[in-house]
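Just below is one structure, and these are the notes that go with it.
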């Protein structure tokens, strides 16, 4: 059963100046959010396959929306992350079902490759609850310059029977990174770590 999407929100964030220094090229992040009906709200459901399938659907949809918002080719995406907020009639496991088993594969297609795990966060909350979507380089988890986050919030969601699902994609790391570690030019992209 496809996701019952009440709304989709897409926004971009572009940093051009940091600490008085020009950031060239600008650091850009795109956030795509789907507010969906929770088909398991208000009751205990043993088999969460319906939510897992919704996660698979949303991984591709939201990942593609992020890439489109950035105006880049999929292979130019550098980092990604995912998050979900479950309304009060649901449970945290509903967010886990959406985020973990199958959302990652279509997101990786949307950003071309993605050898590294997709960082994630989840929580329960009401209208206007914010969540930080953690970010890491899509092909190498040890690239410190790409450890970051972007806040996701929807003023009128999640309602009790809803789930807010968010994906973030970037075309670069943090502005002016200088804490060492593996650099983008050193990525092998084989094991998801280096």
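The values are calculated or read from the model by the stated rules, or taken from the named source; none is laboratory data. Here the structure is a predicted model, which means the values were calculated and not measured. No Cβ is skipped: glycine too gets one built from the backbone with ideal geometry, and neighbour counts run over all protein chains shown.
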> Here is a list of conditions, (1) free of Cβ contacts under 8 Å to residues at least 24 places away in the same chain; (2) buried (at least 23 other Cβ atoms within 10 Å of the Cβ), and residue 47 meets all of them except one; can you say which number that is?
Replying inline: (2)
> Given the conditions (1) closer than 16 Å to residue 108 by Cβ; (2) touching a strand residue (DSSP E or B) at 6+ places or on another chain (Cβ under 9 Å), which single one is not true for residue 37?
Replying inline: (1)
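What number of residues within the range 127-146 satisfy the criterion of being touching a residue at least 24 places away in the same chain (Cβ under 8 Å) and assigned to a strand (DSSP E or B)? I'd like the intermediate steps shown before the answer.
Of all residues in the range 127-146, those touching a residue at least 24 places away in the same chain (Cβ under 8 Å) come to 127-129, 131-146.
So of that shortlist, the ones also assigned to a strand (DSSP E or B) come out as 131-137.
Residues that pass the stated criteria total 7.
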> If only one of 70, 103 is out of contact with any helix residue (DSSP H, G or I) (no Cβ under 7 Å at 6 or more places or on another chain), crowded, with 17+ Cβ neighbours inside 10 Å and at pLDDT 95 or above, which one is it?
Replying inline: 70
>> Out of the residues in the range 118-143 meeting the condition of being surrounded by fewer than 21 Cβ atoms within 10 Å (Cβ to Cβ) and modelled with pLDDT under 95, tell me which one is farthest from the chain's Cα centre (by Cα).
In response: 142
>> I'd like to verify a number: residues in the range 164-192 that are over 14 Å from the mean Cα position of the chain (by Cα), farther than 18 Å from residue 112 by Cβ and buried (at least 16 other Cβ atoms within 10 Å of the Cβ), how many?
In response: 4
> Going by the conditions given, is residue 95 over 11 Å from residue 59 (Cα atoms) and in a loop (DSSP other than H, G, I, E, B)?
Replying inline: no
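Please pick out the residue among 17, 27 that is in contact (Cβ under 8 Å) with a residue 40 or more places away in the chain, touching a strand residue (DSSP E or B) at 6+ places or on another chain (Cβ under 9 Å), surrounded by fewer than 23 Cβ atoms within 10 Å (Cβ to Cβ) and not in a helix (DSSP H, G or I).
Result: 27 is the single residue among 17, 27 that is in contact (Cβ under 8 Å) with a residue 40 or more places away in the chain, touching a strand residue (DSSP E or B) at 6+ places or on another chain (Cβ under 9 Å), surrounded by fewer than 23 Cβ atoms within 10 Å (Cβ to Cβ) and not in a helix (DSSP H, G or I).
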